[in-house]
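Below is one structure, written out as structure tokens; comments come after it.
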Amino acid sequence: MTSVSRHERISGQLVDLKMPGALEALDEVLRGVDSGSLGGSEAIEKLLGAQILLRNNRRLEAAMRSSRLPAVKTLEDFDFTFQPSLRREQIDSLHELDFVRRKENVVFLGPPGVGKTHLAISLAIRAAQHGRKVYYGSLRDLVESLEAAERKGQLRRRLGILTYPALLVVDEIGYLPVTRSAATLFFQLINERYERGSTVLTSNKGFEEWGGILGDEVMAAALLDRLLHHCHIVNIRGNSYRMRKRGELARALHQAPARKNPDAGEEATR
Ligand SMILES: Nc1ncnc2c1ncn2[C@@H]1O[C@H](COP(=O)(O)OP(=O)(O)O)[C@@H](O)[C@H]1O
Ligand SMILES: [Mg+2]
């Protein structure tokens with residue numbers, strides 16, 4: 001069998017199997033095999049790898065449309081040297097998604113700008129790339145959508161929609177106070193998701209302050225009881241990455257050499 005017919009035969013198989021990523025990589029892989037630079041198992045790995053990459057990118061695109069994730073933030077863009085209080089092994093191991101399979105929760109706690117939302121999104125993106133349904137909302141947006149549904153008599157339906165994703169991100173607990181009725185809806189949401197799906201939450205407030213945020217100590221205790229039963233807590237005790245950027249800018253401006261501008265006086269360039 002000539003290599004041309006082998007190429008055509010494999011192309012036909014990849015079309016039949018609907019594997020456009022592998023099809024695109026086929027020329028290069030076969031060239032590698034023919035030139036001896038790729039072994040048989042390496043060639044198979046490369047071909048399947050190309051298909052998996054395409055599938056994961058498509059899943060991510062679909063998830064970005066349906067999940068309301070506000071940005072693409074990944075583990076690869078996270079600078080661990082900036083956040084030494086984080087245990088890298090813990091974050092890496094969460095990204096292996098066993099917690100999603102076990103329907104466990106994750107809570108990121110820490111002051112503003114330390115990367116809570118970034119890491120919550122990167123977990124959601126990893127889950128989406130693995131074909132899991134994900135959804136993102138701030139606490140305020142999620143409870144507002146539940147309140148709107150309740151007004152229309154569709155609370156059960158909306159709770160069902162928010163319970164369906166394998167991973168739900170509830171971002172920004174604590175920045176804005178919620179009303180008592182909103183807090184009750186949040187409790188119902190956590191109650192519905194308990195042992196049914198993973199919830200990833202972020203908060204700038206310690207758990208002892210959640211009673212204040214939700215306006216009801218007893219309900220907060222019941223909510224935390226469910227939430228923390230199977231939960232990974234990541235406490236980030238560091239500086240704000242946003243402020244770091246501002247600090248760098250301020251330093252850069254401060255250290256910038258004075259421009260030679262005949263119109264500017266000594267004071268203006270200092
Ligand atoms: N360690 C880090 N490495 C890279 N980017 C970071 C890091 N921490 C935060 N960021 C970026 O800084 C910004 C603020 O982080 P964010 O996750 O929104 O903070 P938080 O939710 O804790 O307030 C985001 O753009 C985020 O991507
Ligand atoms: Mg945030």
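The values are calculated or read from the model by the stated rules, or taken from the named source; none is laboratory data. Small disclaimer: the values here were computed from a predicted structure and weren't measured. Cβ atoms come from the backbone with ideal geometry, glycine included; neighbour counts cover every protein chain shown.
Screening Arg59 against (1) modelled with pLDDT of 95 or more; (2) outside the structural domain of His130 (by TED's automatic domain parsing) leaves a single unmet condition, (1).
For the stretch 92-119, the set of residues classified as within 16 Å of ligand 2 (Cβ to nearest atom) and more than 16 Å from Leu201 (Cβ to Cβ) consists of Gly113 only.
Each row is one residue, and each column tells you yes or no for (1) touching a residue at least 24 places away in the same chain (Cβ under 8 Å); (2) within 13 Å of the chain's Cα centre (by Cα); (3) buried (at least 18 other Cβ atoms within 10 Å of the Cβ).
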site	(1), (2), (3)
Lys73	yes, yes, yes
Glu76	no, yes, no
Phe80	no, no, no
Gln83	yes, no, yes
Arg88	no, no, no
Ser93	no, no, no
Phe99	yes, no, yes
Lys103	yes, no, no
Pro112	yes, no, no
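Summed over the stretch 163-182, residues that are crowded, with 22+ Cβ neighbours inside 10 Å and more than 16 Å from ligand 2 (Cβ to nearest atom) total 2.
A single member of Arg59, Arg68 is more than 30 Å from Arg244 (Cα to Cα) and touching a residue at least 60 places away in the same chain (Cβ under 8 Å), and it is Arg59.
Checking Gly110, Gly49 one by one, the residue that is outside the structural domain of Val15 (by TED's automatic domain parsing) and of a type in the set (Gly, Ala, Ser) is Gly110 and no other. Being in contact with a Leu (Cβ under 6 Å, 6 or more places away or on another chain) and surrounded by 13 or more Cβ atoms within 10 Å (Cβ to Cβ): is that true of Ala127 here? For Ala127, the condition - in contact with a Leu (Cβ under 6 Å, 6 or more places away or on another chain) and surrounded by 13 or more Cβ atoms within 10 Å (Cβ to Cβ) - is met.
Given the criteria charged (D, E, K, R) and on the phi > 0 side of the Ramachandran plot, does Glu195 qualify? Spelling it out, Glu195 is indeed charged (D, E, K, R) and on the phi > 0 side of the Ramachandran plot.
Go through the stretch 88-133 and give me each residue that's more than 15 Å from ligand 1 (Cβ to nearest atom) and hydroxyl-bearing (Ser, Thr, Tyr). Result: Ser93, single match.
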